[in-house]
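Values in this text are rule-based calculations from the coordinates and carry no lab data. These numbers were taken from a predicted model, which means no experiment stands behind them. As a convention, Cβ positions derive from the backbone with ideal geometry for all residues, glycine included, and neighbour counts pool all protein chains shown.
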Amino acid sequence: MSVPNEALEIVRSARIIAIVGLSPDASRPSHGVGTYLLAQGYRILPVTPRGGTILGQPVFPDLRAAATAVAPDPIDIVDVFRRPEFIAALLPDLLAIRPKLVWLQVGIRDDATATRLEAAGISVVQDHCLAVEHSMRVRR
């Protein structure tokens with residue numbers, strides 16, 4: 001299934017992207033996507049309990065802390081690099097911060113959580129790479 005045009009329009013207009021599970025390890029896919037998004041002019045917010053900095057950006061322990069740090073600006077997209085069994089645990093924070101789009105990376109699906117997010121008016125993309133879709137279909 002391809003990524004809906006509505007989601008690509010959100011990517012096109014987005015400014016701030018929180019990346020849940022962004023790794024400091026340059027060999028990890030999340031690191032490559034974060035590097036790519038920075039190079040495309042997005043502000044990224046690494047979200048991982050490790051703390052410190054990743055890609056020169058301060059790390060936040062959770063999505064609510066990231067949202068508070070950029071307020072009053074919204075987090076437009078939450079890009080998730082977590083195993084499927086951990087997606088449902090993100091739901092309370094996702095509903096609290098209300099991004100326009102939640103993007104689950106390649107290999108990540110949680111249909112029940114996606115249904116709840118969509119019922120709350122939050123778009124969801126599952127099992128696609130944000131960097132690949134951006135480079136092929138959005139490019140600023």
Cα gyration tensor shape for segment 1-42, rounded if a/c is under 1.5, else prolate or oblate: prolate
Cα-Cα P(r), the chain, percent of pairs per 5 Å interval: 2, 10, 23, 26, 23, 13, 3, 0
Length-normalised contact order for the chain - Cα pairs under 8 Å, 6+ apart - percent: 25 percent
Spatial separation of Cα centroids for segment 36-51 and segment 81-133, in angstrom: 17 Å
Candidates per trypsin sites (Lys or Arg not before Pro) in segment 1-74, loop by DSSP, up to 14 other Cβ within 10 Å: Arg15, Arg50
Under the Karplus curve 6.51 cos²θ - 1.76 cosθ + 1.60, θ = phi - 60°, whole-Hz ³J(HN,Hα) for segment 81-92, x wherever Gly or Pro sits: 10, 10, 4, x, 5, 9, 5, 4, 5, 7, 3, x
For segment 75-140: relative contact order, % (alpha-carbon pairs under 8 angstrom, 6 or more apart): 34 percent
Positive minus negative residues near Trp103 (Lys, Arg vs Asp, Glu; Cβ under 14 Å): -3
